[in-house]
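What follows is a single structure, written as structure tokens, with notes after it.
The values are calculated or read from the model by the stated rules, or taken from the named source; none is laboratory data. Here the structure is a predicted model, which means the values were calculated and not measured. Here the Cβ is made from the backbone with ideal geometry for all residues, glycine too, and neighbour counts use every protein chain on show.
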């Protein structure tokens, strides 16, 4: 009896040696295959929503990459704005620098980093008087990213949706 047990252990038990090799080879092939990665679409215009907490005014800011727009005491400069192709899940990101202009004219950098349109509260600029967050990216032709089209309702159809 002991001899039969040793034979089972040596041959791999009930699993044939060929099946084990096939599993190992399959795992190696999957590990060596390059991961599929969606190409990012670089957009020339970043679109933000800016809130003035004193007046409760929300203003859209469409800022070309590399240029600076002023909102209240803030200067917003997008450095890049990326979206994904329409076949991929939406992901709109922008690298942004925000400076605050003090009363004496001096500027202080209050934000540098990535903003995500899908999570506006994650990396938005929260200032005592102003808030700024990314909403979408646009092309030169004025086309907004696919995600922003899904988020913004059509005002012409708003009356037809009311009960």
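May I ask you to verify whether residue 67 is part of a strand (DSSP E or B) and either in the same structural domain as residue 123 (by TED's automatic domain parsing) or farther than 19 Å from residue 111 by Cβ (or both)? Give the derivation first.
On the way: part of a strand (DSSP E or B): no; either in the same structural domain as residue 123 (by TED's automatic domain parsing) or farther than 19 Å from residue 111 by Cβ (or both): yes.
Here the answer is no, as residue 67 does not meet what is asked.
Here are some residues: 160, 136, 141, 148. Which one is surrounded by 10 or more Cβ atoms within 10 Å (Cβ to Cβ) and modelled with pLDDT under 85? Reasoning before the result, please.
Working: 160 fails: surrounded by 10 or more Cβ atoms within 10 Å (Cβ to Cβ); 136 fails: modelled with pLDDT under 85; 141 fails: surrounded by 10 or more Cβ atoms within 10 Å (Cβ to Cβ).
On inspection, the qualifying residue turns out to be 148.
For residue 76, indicate whether it is under 24 Å from residue 126 (Cβ atoms), in the same structural domain as residue 117 (by TED's automatic domain parsing), touching a helix residue (DSSP H, G or I) at 6+ places or on another chain (Cβ under 8 Å) and at pLDDT 95 or above. Break it down stepwise before answering.
On the way: under 24 Å from residue 126 (Cβ atoms): yes; in the same structural domain as residue 117 (by TED's automatic domain parsing): yes; touching a helix residue (DSSP H, G or I) at 6+ places or on another chain (Cβ under 8 Å): no; at pLDDT 95 or above: yes.
The answer is no for residue 76.
To keep it simple, each residue is scored yes or no on (1) in a strand (DSSP E or B); (2) under 27 Å from residue 128 (Cβ atoms); (3) in contact with a strand residue (DSSP E or B) (Cβ under 6 Å, 6 or more places away or on another chain).
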| site | (1), (2), (3) |
| --- | --- |
| 49 | yes, yes, yes |
| 58 | yes, yes, yes |
| 79 | yes, yes, yes |
| 85 | no, no, no |
| 94 | yes, yes, yes |
| 99 | yes, yes, yes |
| 105 | no, yes, no |
| 109 | yes, yes, yes |
| 112 | yes, yes, yes |
